[in-house]
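Here the structure comes first, spelled out in structure tokens, and everything after it is commentary.
Each value in this text was obtained by applying a stated rule to the coordinates, not by laboratory testing. None of these values were measured; they are calculated from a predicted model. Counting neighbours? That spans all protein chains shown, and the Cβs are built from the backbone with ideal geometry, glycine included.
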């Protein structure tokens, strides 16, 4: 089973996304803060990380930088998620090490396509 670390501080977003991903046969590991994301990335070694950028304590940009700077987690794809769809947000996310970027509210089908592009199609 493919494992996704979902980093989201908004309870409603976290619940909705985790349930929809679980229905698609993903194992979902949850983190609420940037610091927790860094720790869980190293301990759970997920196949992919969905990273909210606006987080308490350590923001998603810094958490992504730290995850990408550690040998054990550097190759894990990170899709940055943000409600801030400013022109430079995508660029800042990519500079921090994100592999892709998507906006909130999440369009689940589009996000799922991005996830599958990194992880490959679900085996039959």
Assuming a ≥ b ≥ c are the square roots of the Cα gyration tensor eigenvalues, decide whether the stretch 1-71 counts as rounded (a/c under 1.5), prolate (otherwise, with a/b larger than b/c) or oblate. oblate
Just from its helices, what would the mean residue ellipticity at 222 nm be for the chain, if runs of 4 or more DSSP H residues each count -39500 (n - 2.57) and the sum is divided by every residue, rounded to the nearest 500 deg cm²/dmol? -13500 deg cm²/dmol
Would you please give the FRET efficiency between residue 19 and residue 84, computed as 1/(1 + (r/R0)^6) with r the Cβ-Cβ distance and R0 = 35 Å, to the nearest 0.05? 0.90
What fraction of the Cα pairs in the chain, stated in percent, has a spacing above 26 angstrom? 10
Taking the stretch 2-119 and dividing mean pair separation by its residue count, relative contact order in percent (alpha carbons under 8 Å, at least six apart): 22
Given 0.36 nm per residue, what is the gain on full extension from residue 116 to residue 10 after removing their alpha carbon distance, in nm? 35.8 nm
Volume per residue (Å³) of the convex hull spanned by the alpha carbons of the stretch 67-111 is 69
